[in-house]
Amino acid sequence: MTARDTPSTTPQGAPRDTARGTARNSGVSVTHDLEPHDWSNEETAAYEAAIEAVNGAVGAYSARIAAEEAKDAPDTAVIEAARAAQGRLAKERERLRSADREQIAEARSHYARLAREVMADLT
């Protein structure tokens, strides 16, 4: 049984994501929907590192936005694209599954590389 198959408790009155049967936009942490799992210290660290890699990429796009906004003539297309990328990253972060070691390892690598690439474009 996965988290998608397991009923979750939803705060009363919270909007529901009917595809997953969970609360959405309720201010609940992404961890509320995690399946039961006995984590080793290594797995815990890997999952946290994957989340931080995504957060690093979101931060890199924030730096891109700030750099563009600081220009005398900011390019609104660059700003909008960076904000859209941040939105996509937030959704991708929510799809990370702590028990999927392969996904977590790939996420750590991919998002750390993405953050470096975005930041390199700023220099």
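The values are calculated or read from the model by the stated rules, or taken from the named source; none is laboratory data. Please read these numbers as outputs of a predicted model, since none were measured by experiment. SASA here: full protein model, heavy atoms, side chains in, ligands and nucleic acids out. Shrake-Rupley method; radii C 1.70, N 1.55, O 1.52, S 1.80 Å.
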Once phi is turned into ³J(HN,Hα) by the Karplus curve 6.51 cos²θ - 1.76 cosθ + 1.60 with θ = phi - 60°, what whole-Hz value does each residue of the stretch 58-68 show in order, with x for glycine and proline? 4, x, 5, 5, 5, 5, 4, 4, 4, 5, 5
Starting at the first residue of the stretch 91-106, write each ³J(HN,Hα) from the Karplus equation 6.51 cos²θ - 1.76 cosθ + 1.60 with θ = phi - 60°, in whole Hz, x for Gly and Pro. 5, 5, 4, 5, 7, 5, 10, 4, 7, 9, 4, 5, 4, 5, 4, 5
When all protein chains stay in place, what accessible area (Å², nearest 10, 1.4 Å probe) is found for K71? 110
